1. Would you check if Ala98 is part of a helix (DSSP H, G or I) and of a type outside the set (Val, Ile, Thr)?
2. Would you call Ala98 surrounded by fewer than 14 Cβ atoms within 10 Å (Cβ to Cβ) and more than 18 Å from Ala136 (Cβ to Cβ)?
3. Go through region 99-133 and give me each residue that's modelled with pLDDT under 95 and over 23 Å from Gly21 (Cβ atoms).
Amino acid sequence: MPAILLLNGPNLNLLGTREPGTYGAATLADVEANCRATAERLGHTLEALQSNHEGVLIDAIHAAGRRFKAGELLGVVMNPGAYTHTSVALHDAIAGVAPLPVMEVHISNVHAREAFRHHSYISPVAAGIVVGFGVAGYELAIEGLVRKAAAR
C-alpha cells in the first residue's frame, strides 16, 4: 500500500511546551506515533517531516507529487503552521503537484483566534481541512485521506 506523508511546519516541533492551553500537552513525537498507528490500522505506512523552513516543505511537496504519480504515496496530511496565513509559495507548490491530495490540519480552531489566522493560502488547494479537534485532527485527516483515495 502507498505511504502517507505527514508534514508539519514551523514551531510544531515545540508541541507539548508551546502554549499548552491552545495546543495541548502532546508532543510532536506523540502526534507522529498516533498518526503512524492510525495509518497502519488503515493499511498504510507513515513518513513524517517537520521543518521550520518553507523551502524544505516545498521540496517535500514537490517530491510527494512525483511519488504520488508513481503510485508510491497516497497523499499528504499537513499542518503548515503559521505558513498557512503567509505562504503563497506553499499554495503554488501544492497547486503545482495536483492531483496530489493534501489534507490541511490545524490543532486549534483558527477561526476562533486572531483575525490574521482566519485566512488560509492552503485551503483553496487542499483536498480537505480539519480544524479545532486538537491533535486528534491529524487522525481524522488521515482517515479522510484514505476515504478520498478509496472513492477515486
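1. Values: part of a helix (DSSP H, G or I): no; of a type outside the set (Val, Ile, Thr): yes.
Taking the combined requirement at face value, the residue does not satisfy it.
2. yes
3. Passing the criteria: only His119.
The values are calculated or read from the model by the stated rules, or taken from the named source; none is laboratory data. All values derive from a computational prediction rather than experimental measurement. So basically every Cβ, Gly included, is an ideal-geometry build from the backbone, and we count neighbours across all protein chains shown.
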